[in-house]
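What follows is one structure encoded as structure tokens, with my remarks underneath.
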Amino acid sequence: MTSSPGTGQDPAAAARRTSQVLLGRVEEHLRSFLTAEHDTWATVDERAVVAVDALSDLVASGGKRIRPAFCVTGHLAAGGDPDDGAIVAAAAALEMLHVSALVHDDVFDASTRRRGEPTVHAHHSALHTANAWQGEARRFGESVAVLVGDLALVYSDQLMSSAPATVLEVWNTLRAELMIGQYMDIAAAAEFSVDPRLSRLVALVKSGHYTIHRPLAVGASVAGRPDLAPAFKEYGEAVGEAFQLRDDLLDAFGDAADTGKPAGLDFQQHKMTLLLGWAMQRDDRIRTLVTSGRHAPAEVRDRLLDTGVPADVEAHIADLVERGCKAIADAPIDTVWRDELTAMATKVAYRNA
């Protein structure tokens, strides 16, 4: 492989470096945006900065930044200008939207930990109790979290507000898919019916589009390359489903020290994942275990392993990754970026957190 002119690096290393520099600018954009918001609201009242600071803390706590990474890669693969400020703003908007979804998700799931720290609603519920404030601590914490998540949603729109109409069209579709997918997820959990077709559909709408497909499309749209939409769609849907299936396996079998959140939340919330749906088709006693609430997650995990379904899910993930990579095999993008997207597919599908 030849070196990039003037860099001394091979093309793959140079491409990855360009992507990392751009993602660093996204981080700085998020920090500076939230700092400016803090400074603005600090002049109003000390309470006015609480929601802003909650967002700042969550952004600063880390995270995988998967959506900005695919957005930036989609842009660069499409031949976009790495110095274009529009791609920085768009990638930052995607991360802010994700933060909104995380805060609300934690309320839906009654989760108390996120990235190793108390969730927004858990933190503010504890604050309410510690100060002996009026009203119900749980309701207070959840109310604060709803508002913090809503503020992140507002900020995501502000960050995306200067994007061209073609980008906003993708953005609006992405936001609607996310909200509808969230509803489908909680409705399927309430119904708790064994329906692998529905489980896959929820994974696609809630995660496949929002996590990979649409961020790629946003990046390509900023670069003015709508012709890449079909290839990015097929790649994004396949790899996005693989991402969600890995998430399901990590929830069931992952280490909380790695994931930053308690294991077995899907069992507690009766989430009808493909993993659980396939397992219940083979062993209906798993339904009783999950719905009774009297069994430890370890017991459910052991029963799942006995069905052989986790291995089947792993095989399905491998098929999805292969399908996604084939989708971009003939796409009109540089080989360097095709290889990078292939590596990213493997990374998100086989992560441990």
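The values are calculated or read from the model by the stated rules, or taken from the named source; none is laboratory data. Keep in mind the model is a prediction, meaning the values are calculated, not measured. Quick reminder, even Gly has a Cβ in these numbers, built from the backbone with ideal geometry, and neighbours come from all protein chains shown.
Quick look at the numbers
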{"read-out": "Enumeration of residues in region 289-300 that are in a helix (DSSP H, G or I) and surrounded by 12 or more Cβ atoms within 10 Å (Cβ to Cβ)", "value": "289, 290, 291, 297, 299, 300"}
{"read-out": "Failed criterion for residue 164 (all others in (1) in contact with a Gly (Cβ under 9 Å, 6 or more places away or on another chain); (2) exposed (fewer than 15 other Cβ atoms within 10 Å of the Cβ); (3) over 18 Å from residue 215 (Cβ atoms); (4) not acidic (Asp, Glu) hold)", "value": "(3)"}
{"read-out": "Residues satisfying the stated conditions in region 41-79, i.e. among the hydroxyl-bearing types (Ser, Thr, Tyr) and closer than 21 Å to residue 120 by Cβ", "value": "56, 61"}
{"read-out": "Residue that is surrounded by fewer than 20 Cβ atoms within 10 Å (Cβ to Cβ), without any contact (Cβ under 8 Å) to a residue 24 or more places away in the chain and over 21 Å from the mean Cα position of the chain (by Cα), where the choices are 10, 81", "value": "10"}
{"read-out": "Residues satisfying the stated conditions in region 30-47, i.e. among the aliphatic types (A, V, I, L, M) and surrounded by 14 or more Cβ atoms within 10 Å (Cβ to Cβ)", "value": "30, 34"}
{"read-out": "Where residue 194 falls short, out of the listed (1) outside any helix (DSSP H, G or I); (2) touching a helix residue (DSSP H, G or I) at 6+ places or on another chain (Cβ under 7 Å); (3) surrounded by fewer than 20 Cβ atoms within 10 Å (Cβ to Cβ); (4) at pLDDT 90 or above", "value": "(4)"}
{"read-out": "Residue in region 184-196 that is of a type outside the set (A, V, I, L, M) and free of Cβ contacts under 8 Å to residues at least 40 places away in the same chain present", "value": "no"}
{"read-out": "Hits in region 202-216 (condition: within 15 Å of residue 320 (Cα to Cα) and free of Cβ contacts under 8 Å to residues at least 60 places away in the same chain)", "value": "204, 207, 208, 209, 213"}
{"read-out": "Members of region 50-77 that are in a helix (DSSP H, G or I) and of a type in the set (S, T, N, Q)", "value": "56, 73"}
{"read-out": "Among (1) over 30 Å from residue 230 (Cβ atoms); (2) free of Cβ contacts under 8 Å to residues at least 12 places away in the same chain; (3) surrounded by 12 or more Cβ atoms within 10 Å (Cβ to Cβ), the one test that residue 128 misses", "value": "(2)"}
{"read-out": "Some residue of region 301-324 being touching a residue at least 12 places away in the same chain (Cβ under 8 Å), farther than 22 Å from residue 247 by Cα and surrounded by 15 or more Cβ atoms within 10 Å (Cβ to Cβ)", "value": "no"}
{"read-out": "Members of region 168-179 that are under 21 Å from residue 239 (Cβ atoms) and either surrounded by fewer than 16 Cβ atoms within 10 Å (Cβ to Cβ) or touching an Asp or Glu at 6+ places or on another chain (Cβ under 6 Å) (or both)", "value": "173"}
{"read-out": "Filter result for residue 154 (assigned to a helix (DSSP H, G or I) and surrounded by 22 or more Cβ atoms within 10 Å (Cβ to Cβ))", "value": "no"}
{"read-out": "Criterion: under 22 Å from residue 107 (Cα atoms), part of a helix (DSSP H, G or I) and among the acidic types (Asp, Glu) - qualifying residue of 319, 306, 266", "value": "266"}
{"read-out": "Condition broken by residue 275, with the remaining ones in (1) touching a residue at least 40 places away in the same chain (Cβ under 8 Å); (2) in a helix (DSSP H, G or I) satisfied", "value": "(1)"}
{"read-out": "Unique residue being at pLDDT 95 or above, under 22 Å from residue 268 (Cβ atoms), of a type outside the set (Ser, Thr, Tyr) and touching a strand residue (DSSP E or B) at 6+ places or on another chain (Cβ under 8 Å) when the list is 101, 122, 137, 145", "value": "122"}
{"read-out": "Among the candidates 90, 86, 110, 163, residue that is of a type in the set (A, V, I, L, M, F, W, C), within 23 Å of residue 227 (Cα to Cα) and not in a helix (DSSP H, G or I)", "value": "163"}
